[in-house]
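Please read the structure below before turning to the comments.
All of the numbers you see were taken from the coordinates with simple rules; none came from a lab. Computed from a prediction, not measured in an experiment: that's the story for all the values here. Glycine gets a Cβ as well: all are built from the backbone with ideal geometry, and neighbour counts include every protein chain shown.
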Amino acid sequence: MKLKKLKLEKDLEIYRHAIEKHIDVLLPLEYLKQGKVYGYFNEQNEICGGFTIITKAPFRVLDSIPNFEKFKNDPHLNKTAEITGVWLSKKDKRKFASLKFWSNLILTVMTSKKKYFVYAYSSKKTGLQNIYSRANPEVLFRGETKILPGMPSPDHESVEVIYRSRIIIQALKNPDFFIKRMIPKKIRNPHTSQKSHYENFESTIMPITDTLAQLGRSEPKVNR
């Protein structure tokens, strides 16, 4: 699996239509052009995954929050980036492919000059919830978001922020995150239940908290 930085419009078109099938959102082409887009390609040179880092505001995930307008001039947003379009094909989640994918995403975040990274995921995507929770994020909003270009309908989402300084600490504290991506699931636990974790996702709407208003002014301590 090879990682490529996508710059040509034709490559960005392939990427955004590929991820639409998995995240149910067709990211606008112009939005992708203002960020750094990375695509993963298999041995057949077919796109099988990717992610995007948007480094300049406005950020889609924050604009999707109801009544976010009053926070748009917060100077700490200059130290913020958005992670979006994260996707890895299920058939390519084997051996070290998944490990390589997440390692590259983490490395990209760690080498960025930004301190804070915002992202969102649908309540239906419990797998992403489990992955992002490893970085000890702060919840900015949880509930029904506004409809943005590329979205077919409103969605119940969790909008969160992670701190770059926490990521390496959490990676060292949770080595099983990488172990689980190196060893097939059936070998780790052949009796693992296939029951959905949807019921564990909080369904209550959480308004914007002081976390966003105070973004960057006093970083919370890492839970130990």
| said: Using the Karplus curve 6.51 cos²θ - 1.76 cosθ + 1.60 with θ = phi - 60°, what ³J(HN,Hα) values do you get for each residue of region 68-75, in whole Hz, with x for Gly and Pro? | reply: 7, 3, 6, 9, 5, 9, 4, x
| message | For a quick check: with amide H placed at 1.01 Å from N, whose amide H comes under 5 Å from residue 6's, ignoring anything fewer than 5 positions away on the same chain? | response | 37, 38, 39
| query | Measuring from label point to label point, each 7 Å out along Cα→Cβ, what is the residue 41 to residue 126 span in nm? | reply | 3.7
| Once the Cα atoms of region 25-66 are picked out, what are the Rg and Dmax in Å? | 12.8, 43
| What ³J(HN,Hα) values, in whole Hz, does the Karplus curve 6.51 cos²θ - 1.76 cosθ + 1.60 give for region 143-159 when θ = phi - 60°, with x put for Gly and Pro? | x, 7, 8, 6, 7, 10, x, x, 9, x, 6, x, 9, 8, 10, 10, 9
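Counting other C-beta atoms within 10 Å, which of 132, 40 has the fewest, and how do the rest follow?
Working: 132 19, 40 23.
Ascending Cβ contact count within 10 Å gives the list 132, 40.
Test of understanding: what is the full-extension gain from residue 146 to residue 78, defined as 0.36 nm times their sequence separation minus their Cα-Cα distance?
Details: separation 68, 0.36 × 68 = 24.48 nm, distance 2.31 nm.
Contour length minus the Cα-Cα distance gives 22.2 nm.
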| note | Listed by chain and number, the residues whose amide H is under 5 Å from that of residue 86, excluding neighbours fewer than 5 places away on the same chain and using placed H, are 52
